[in-house]
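See structure below.
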Amino acid sequence: MTDITKTEGLIYNIQRYSLHDGPGIRTIVFLKGCPLRCPWCANPESQRFEKEKMGNEEVGRLVTVKEVIDVVKRDMPFYKRSGGGMTLSGGEPLMQPDFSKALVQAAKNIGINVAIETSGYQEWDRLWEVMEHIDFILYDIKAMDSSLHMEILNVNNDLILRNLEKLVNKNKQVIVRVPVIPQCNDSFLNLSETVQYCKSIGIKEIHFLPYHQLGVQKYEKLNREYSLKNLGPLDKEKLITTSEKLQDKYEVVIKVF
Ligand code: SF4
């Protein structure tokens with residue numbers, strides 16, 4: 001049995017009253033550390049597996065499961081009324097599997113619904129330890145073509161896609177999210193292949209997340225280069241038209257945010 005007063009993890013934020021990261025009103029726990037380096041990442045301070053300075057701000061703090069759950073449970077009445085709960089986000093919550101698993105178990109023990117936002121980039125056994133008790137999964141696919149995935153992220157998408165298929169086979173409730181980035185993965189071919197694949201494995205809902213530049217200042221504060229600074233905005237109307245076409249063709253729900 002895990003001692004929730006001793007099991008520790010590195011987080012960089014806890015955000016209450018969120019409406020965008022799973023059903024209902026939710027508290028988001030942002031874990032620090034991610035194995036990927038998406039060039040568009042809006043939370044670059046989440047990527048390193050250690051505390052760091054972002055301008056004058058210290059990012060990252062070591063906390064116990066109990067400390068997190070004590071904050072999360074303050075909003076129980078909101079979760080009950082809205083069908084909400086806790087969402088693990090990042091960074092990549094699966095990269096701290098012992099901490100994430102303990103958090104999930106502690107939340108479930110007191111009747112809190114748990115969601116996760118993940119890239120799915122983790123060995124299956126470690127991933128499943130966390131996912132087994134999770135109610136709702138928001139799972140990213142960045143590119144369908146493996147060589148495009150490799151070009152963008154320096155890793156192929158095999159592990160990510162195999163893990164997704166296993167989660168669906170285990171009847172997990174999964175929504176696939178696609179960050180749509182101009183001149184990167186926004187081609188009709190990539191979006192169409194992604195939707196076709198999702199349909200083929202039994203995914204019922206897909207979210208397209210249009211590119212934005214909200215995190216750009218953070219790169220400056222971290223003394224890091226933002227490689228997409230010359231990228232224009234995404235044509236959202238065009239993306240909506242594409243999503244409608246794909247929704248009709250493949251009969252899956254597609255939402256554009
Ligand atoms: S997977 Fe998420 S947290 Fe990790 S680099 Fe990509 S956008 Fe950032």
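The values are calculated or read from the model by the stated rules, or taken from the named source; none is laboratory data. A quick note: this is a predicted structure, and the numbers were derived from the prediction, not measured. Don't worry about glycine lacking a Cβ; one is built from the backbone with ideal geometry, like all the others, and counts go over all protein chains shown.
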Just a yes or no: is a residue in region 123-132 within 15 Å of the ligand (Cβ to nearest atom) and closer than 19 Å to ALA42 by Cα?
-> no
SER82 being within 16 Å of the ligand (Cβ to nearest atom) and either under 20 Å from TYR17 (Cβ atoms) or buried (at least 19 other Cβ atoms within 10 Å of the Cβ) (or both) | no
Filtering region 107-116 down to residues that are surrounded by fewer than 23 Cβ atoms within 10 Å (Cβ to Cβ) and not in a loop (DSSP other than H, G, I, E, B), which residue is farthest from the ligand (Cβ to nearest atom)?
-> ASN109
Test: residue in region 159-166 that is in contact (Cβ under 8 Å) with a residue 60 or more places away in the chain and within 15 Å of the ligand (Cβ to nearest atom) = no
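Given the criterion part of a strand (DSSP E or B), of a type in the set (A, V, I, L, M, F, W, C) and surrounded by fewer than 19 Cβ atoms within 10 Å (Cβ to Cβ), identify the matching residue among LEU10, LEU62. Can you show your working first?
Details: LEU10 fails: surrounded by fewer than 19 Cβ atoms within 10 Å (Cβ to Cβ).
Criteria check complete, one pass: LEU62.
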Is it the case that region 188-210 has a residue that's among the hydrophobic types (A, V, I, L, M, F, W, C), modelled with pLDDT under 95 and under 18 Å from the mean Cα position of the chain (by Cα)?
-> no
Lone qualifier among GLY90, GLY120 - being at negative phi and within 16 Å of the ligand (Cβ to nearest atom) = GLY90
Tell me, yes or no, whether region 173-181 has at least one residue that is part of a helix (DSSP H, G or I), surrounded by 21 or more Cβ atoms within 10 Å (Cβ to Cβ) and within 14 Å of the ligand (Cβ to nearest atom).
-> no
Identify, please: which residue in region 236-257 is assigned to a loop (DSSP other than H, G, I, E, B) and modelled with pLDDT of 95 or more and is, among those, nearest to the chain's Cα centre (by Cα)?
-> VAL252
Going by the conditions given, is ILE152 in a helix (DSSP H, G or I), within 16 Å of the ligand (Cβ to nearest atom), within 19 Å of TRP40 (Cα to Cα) and touching a residue at least 60 places away in the same chain (Cβ under 8 Å)?
-> yes
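Suppose the filter is more than 14 Å from the ligand (Cβ to nearest atom), touching a residue at least 12 places away in the same chain (Cβ under 8 Å) and closer than 23 Å to HIS149 by Cα; does GLU57 pass it?
Considered against the rule, which asks whether it is more than 14 Å from the ligand (Cβ to nearest atom), touching a residue at least 12 places away in the same chain (Cβ under 8 Å) and closer than 23 Å to HIS149 by Cα, GLU57 comes out as no.
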Residue by residue through region 137-149, note down the ones that are of a type in the set (Asp, Glu) and more than 12 Å from the ligand (Cβ to nearest atom).
-> ASP145
In region 21-54, residue nearest to the ligand (Cβ to nearest atom) [restricted to those that are under 30 Å from ASN156 (Cα atoms), without any contact (Cβ under 8 Å) to a residue 60 or more places away in the chain and part of a loop (DSSP other than H, G, I, E, B)] | GLN47
